[in-house]
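The values are calculated or read from the model by the stated rules, or taken from the named source; none is laboratory data. Since we're looking at a predicted model, the values are computed, not measured. With ideal geometry, Cβ positions are generated from the backbone for all residues, glycine too; neighbour counts draw on all protein chains shown. Calculation scope for accessible area: heavy atoms of the full protein, side chains included, ligands and nucleic acids excluded. Shrake-Rupley method; radii C 1.70, N 1.55, O 1.52, S 1.80 Å.
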Amino acid sequence: GDSVTQTEGLVTLTEGLPVMLNCTYQTIYSNPFLFWYVQHLNESPRLLLKSFTDNKRTEHQGFHATLHKSSSSFHLQKSSAQLSDSALYYCALSKDSGYNKLTFGKGTVLLVSP
Amino acid sequence: ETAVFQTPNYHVTQVGNEVSFNCKQTLGHDTMYWYKQDSKKLLKIMFSYNNKQLIVNETVPRRFSPQSSDKAHLNLRIKSVEPEDSAVYLCASSFTGSQNTLYFGAGTRLSVL
């Protein structure tokens, strides 16, 4: 079945440093949809960004990610971390057609300190 | 702006009891979901309904049963709770289609003593 791997459980950074959260996936579908959801403390997950197009950079709220089908990756990046970026980040995969059935990775906690 | 409403926010109960959780969305979506978020923050889909029809039924114990009266409402009943059912149950909704965004409710935190 489908799977999403987020290798880091916890990433700690100092404010101002670049952010990179890793996400790789496995699927039988040739055109999957990839998502990043963010969950701040005591809140529910909400969409950060999504992509369906190979090798096209997607940006939102200072974050960006590029879907690379050749390496089955969808890493999340930001040039400069802010304190407010501290949250739990989920990478998720959906198949290329039909009903939406998201498969989530285990999540990466990002902690940004002053 | 909250548009997926869940009740209750919290529920504490004892092993063997029955509990019910409610979810309503005002976004006009036609698909609704129940996800379980455990103590390690793992998010797993339990059920999905499209226009009142069950379309996704993951391998969950039989004591869990979803109920949908219309496309805006999706409830979850647990017939006889077990300690491992302690978790946050997140309701979500979206339009039909794999590319569409899920909108989550605030969640119901269940504690089984």
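Quick notes on this one:
- Answer residue from the stretch B:87-111, given it is hydrophobic (A, V, I, L, M, F, W, C) and out of contact with any Pro (no Cβ under 9 Å at 6 or more places or on another chain) and is farthest from the other protein chains (Cβ to nearest Cβ) among those: B:110
- The set of residues from the stretch B:78-113 being among the basic types (Lys, Arg) and farther than 11 Å from residue B:37 by Cα comprises just one member, B:79.
- Options A:78, A:56, A:50, A:95: the member that is more than 13 Å from the chain's Cα centre (by Cα), basic (Lys, Arg) and at pLDDT 95 or above: A:56
- In the stretch A:41-53, residue farthest from residue A:85 (Cα to Cα) [restricted to those that are within 10 Å of chain B (Cβ to nearest Cβ) and assigned to a loop (DSSP other than H, G, I, E, B)]: A:52
- Summed over the stretch A:11-40, residues that are assigned to a strand (DSSP E or B), within 14 Å of chain B (Cβ to nearest Cβ) and not hydroxyl-bearing (Ser, Thr, Tyr) total 6.
- Within the stretch A:54-77, tally of residues that are assigned to a loop (DSSP other than H, G, I, E, B) and surrounded by 13 or more Cβ atoms within 10 Å (Cβ to Cβ): 6
- Considering the stretch A:81-109, and only residues there that are of a type in the set (S, T, N, Q) and open to solvent by less than 50 Å² (accessible area, probe 1.4 Å), the residue that is farthest from residue A:23 (Cα to Cα) turns out to be A:100.
- Of the strands (runs of 3 or more DSSP E) lying entirely inside chain B, those containing at least 2 residues that are open to solvent by less than 40 Å² (accessible area, probe 1.4 Å) and not hydrophobic (A, V, I, L, M, F, W, C) are B:31-37, B:43-50, B:64-70, B:87-94.
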